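Trainee: One structure coming up, written as structure tokens, with questions to follow.
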Amino acid sequence: MTQVLIIAAKEIRDSLRNRWLLMISLILLILSLGVTFGGGAVGGVLAVPELGNVISGLVTLSVFMLPLAAILLSYDAFVGEEEAGTLLLMLTYPLSRFQLLMGKFIGHGTLLALACLLGFAPAGVLLYLFGGVAGMAVLTGFGNFMVSGLLLALVFILLGYLVSLSVREKARALGLLLFIWFALVLIYDLALLAAVVSLADVMSRSSLNLLILTNPADLFRAINLATIEAGSQSSGSALAALSQTGLSLGGLYLLMLCWVTLLLSACQLRFHYKSL
């Protein structure tokens, strides 16, 4: 356990030194404050939106930003060490491959948890102080949003590790991960929303659920939309359909944890058989 914590602390120190945590926290903070206090201006009204509309806006933007931040943090976790010759050197110490993997995962997960807390929590506090929203409602809405956002980021960190363990150049890892991000977060998501609208009469609920559950980005949407009051979503809209999976909130979280567990196992298996 000591070796795992040493590796995690090293990853955190590296990110603090190169200002990664500061920059991504600042971006998320500007994003959350803009959605919370600038969202009403889009509709021509200078007023704080309802909590459900704030969370819905944050989810729409975060589903792009959090996976991208996770990819930029993890794409060179192993291939970068391999190019620099430090990966083989580290494994000559009394350190197993599993301990190295877990140390990096805990370190990077801690960094993204801090970034979510520093970036989103101030908006929730200000919404409570100036928006007239009940404290428990803000705590539940933002707490659920930040926890599910962290799980989504962990999924993309592990995707970053899997690609980083499978290629020989950092540039190739980054290019491949950006393609995966583009396919899962943008193309798949838009195609699913379009399918919900255009095939609503012929697509069964079970088919739609399967399409949602096979993409962690849509699972993240479903978790948050399921907690938003029904009045915040237009009846019959694609987003309203995504929130009606028929699964409990606990079940949706369990599925997201399954994604994390499966990808962590895949990374361990790939690292175990990787030749150095």
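The values are calculated or read from the model by the stated rules, or taken from the named source; none is laboratory data. Source: prediction; values computed, not measured. All Cβ positions, glycine included, derive from the backbone under ideal geometry; neighbour counts span all protein chains shown. Accessible surface is based on the protein model in full, side chains and every heavy atom, while ligands, DNA and RNA are left aside. Shrake-Rupley method; radii C 1.70, N 1.55, O 1.52, S 1.80 Å.
Trainee: Largest first, what is the accessible-area ranking of Ile212, Ile187 with a 1.4 Å probe?
Mentor: The most accessible residue leads, giving Ile187, Ile212.
Trainee: Something else now. Can you pull the Rg over Rh of region 1-141, Cα-only, Kirkwood?
Mentor: My calculation of the ratio gives 1.12.
Trainee: Using the scaling law 2.2 N^0.38 Å as the reference, what is the normalised Cα Rg of region 81-234?
Mentor: In units of the globular-protein estimate, region 81-234 measures up at 1.33.
Trainee: Could you state how much accessible area Met90 has, in square angstrom rounded to the nearest 10, with a 1.4 Å probe and all protein chains kept in place?
Mentor: In the full protein context, Met90 sits at about 30 Å².
Trainee: Another one. Could you grab the relative contact order for the chain? Cα pairs under 8 Å, six or more apart, rounded to a whole percent.
Mentor: Contact order relative to length: 26 percent.
Trainee: If you count only protein heavy atoms and use a 1.4 Å probe, how large is the accessible surface of Phe37, to the nearest 10 Å²?
Mentor: Approximately 80 Å² of Phe37 is accessible to the 1.4 Å probe.
Trainee: Which percent of the accessible heavy-atom area of the chain goes to carbon and sulfur, probe 1.4 angstrom?
Mentor: Answer for the chain is 71 percent, counting heavy atoms of protein chains only.
Trainee: Additional query: Can you put Glu11, Glu50 in order of accessible area, largest first, using a 1.4 Å probe?
Mentor: Ranking Glu11, Glu50 by accessible area, largest first, yields Glu50, Glu11.
Trainee: With springs connecting C-alpha atoms under 10 Å apart, model the chain as a Gaussian network and identify which of Val59, Val35, Val167 has the largest mean-square fluctuation.
Mentor: Val167
Trainee: Under 12 Å from the 7 Å Cα→Cβ point of Thr2, by amide nitrogen: which residues of region 88-117?
Mentor: Residues passing the 12 Å test: 94.
Trainee: How large is ³J(HN,Hα), in whole Hz, for each residue of region 213-226 in order, when computed from phi with the Karplus curve 6.51 cos²θ - 1.76 cosθ + 1.60 and θ = phi - 60°, using x for Gly and Pro?
Mentor: In residue order, the calculated couplings are 6, 8, 10, x, 5, 6, 5, 4, 4, 4, 4, 6, 5, 5 Hz.
Trainee: Given only helices, namely DSSP H runs of n ≥ 4 each adding -39500 (n - 2.57), what is the per-residue ellipticity at 222 nm of the chain, to the nearest 500 deg cm²/dmol?
Mentor: That calculation yields -25500 deg cm²/dmol at 222 nm.
Trainee: Ignoring ligands, DNA and RNA, what accessible area per residue does region 80-135 give at 1.4 Å, in Å²?
Mentor: With the other protein chains kept in place, region 80-135 gives 46 Å² per residue.
Trainee: Kindly provide the Kirkwood hydrodynamic radius of the chain in Å, to one decimal, from all pairs of distinct alpha carbon atoms.
Mentor: 19.8 Å
Trainee: In whole Hz and in residue order, list the ³J(HN,Hα) couplings for region 76-82 that follow from phi through the Karplus curve 6.51 cos²θ - 1.76 cosθ + 1.60, θ = phi - 60°; x for Gly and Pro.
Mentor: Ordered by residue, 3J(HN,Hα) equals 10, 4, 10, 5, x, 5, 5 Hz.
Trainee: In sequence order, what are the phi-derived ³J(HN,Hα) couplings for region 169-183 according to the Karplus relation 6.51 cos²θ - 1.76 cosθ + 1.60 with θ = phi - 60°, rounded to whole Hz, with x for glycine and proline?
Mentor: Couplings: 9, 5, 4, 5, 4, 5, x, 5, 5, 5, 5, 4, 4, 4, 6 Hz.
Trainee: In addition: What percent of all Cα-Cα pairs in region 43-118 falls in each 5 Å bin, counting up from 0?
Mentor: 3, 12, 16, 18, 13, 11, 8, 6, 5, 4, 3, 2, 0
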